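The structure appears right after this line, and notes come after that.
Throughout, read-outs are computed from the coordinates displayed, never taken from laboratory work. Note that the coordinates shown come from a computational prediction; the quantities given were computed from them, not determined experimentally. With ideal geometry, Cβ positions are generated from the backbone for all residues, glycine too; neighbour counts draw on all protein chains shown.
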Amino acid sequence: MVWARRWFVLAPSTRVEFELRTTFYRRLQRLPVAFHDRWQSGQLLSRMMQDISIIRRWLAFGLVLLVVNVLTIIVGAVLLFQWHWLLGVIFLVTSAPLWYAGYRFEKRYGTLARQSQDQAGDLATSVEESVHGIRVLKAFGRGSHALQKFAR
């Protein structure tokens, strides 16, 4: 079963990730210089890496779980209604608050995920700028300042 999952799910999702990275890089190369002036390269790279990684993980795991869980709920609900209609109604009534709680959680998670992505982009930009300017930092003795800024 593990071999089949790797063959049918992980390999295609990895190919999709590779193609997305290649497409992104090509598109990035065609953008005007003004675009690169507006966006820090650390932000671009961090967001690209995170977004493409999320897509790959969703294709490899999330999509499979979504299909399995939706089928389980549908088949289970149909069987439950066939077995005893009152249990089916109880299932629907009690599951509605759970669906609503999941929806609210997703909204809150989306906001926090965006903040996390912004912070990761800022960190990547800071690291990239420090690495590119390492000679200047060392020449002026500002290495400890850059390290303190990184630690914050």
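One decimal place: the segment Leu98-Val67 gains 9.3 nm when fully extended, by the rule 0.36 nm per residue minus the C-alpha distance.
With the cut-off at 1.5 for a/c, could you classify region 1-123 from its C-alpha gyration tensor as rounded, prolate or oblate? In terms of gyration-tensor shape, oblate. Computed from phi, the 3J(HN,Hα) profile of region 73-79 under the Karplus parametrisation 6.51, -1.76, 1.60 (θ = phi - 60°) reads 5, 5, 5, x, 5, 4, 5 Hz, with x in place of Gly and Pro. Label-to-label distance for Asp37 and Gln119 is 3.3 nm, based on points extended 7 Å past Cα in the beta-carbon direction. The string of couplings for region 42-47 from the Karplus curve (6.51, -1.76, 1.60, θ = phi - 60°) is x, 4, 4, 5, 4, 5 Hz, one whole number per residue in order, with x for Gly and Pro.
Quick check: residue separation of Arg26 and Arg57 times 0.36 nm, minus the Cα distance between them. What number comes out in nm?
Value of the extension gain: 8.9 nm.
3J(HN,Hα) along region 109-120, derived from phi through the Karplus expression 6.51 cos²θ - 1.76 cosθ + 1.60 where θ = phi - 60°, amounts to 4, x, 5, 5, 5, 5, 4, 5, 5, 4, 5, 5 Hz, with x in place of Gly and Pro.
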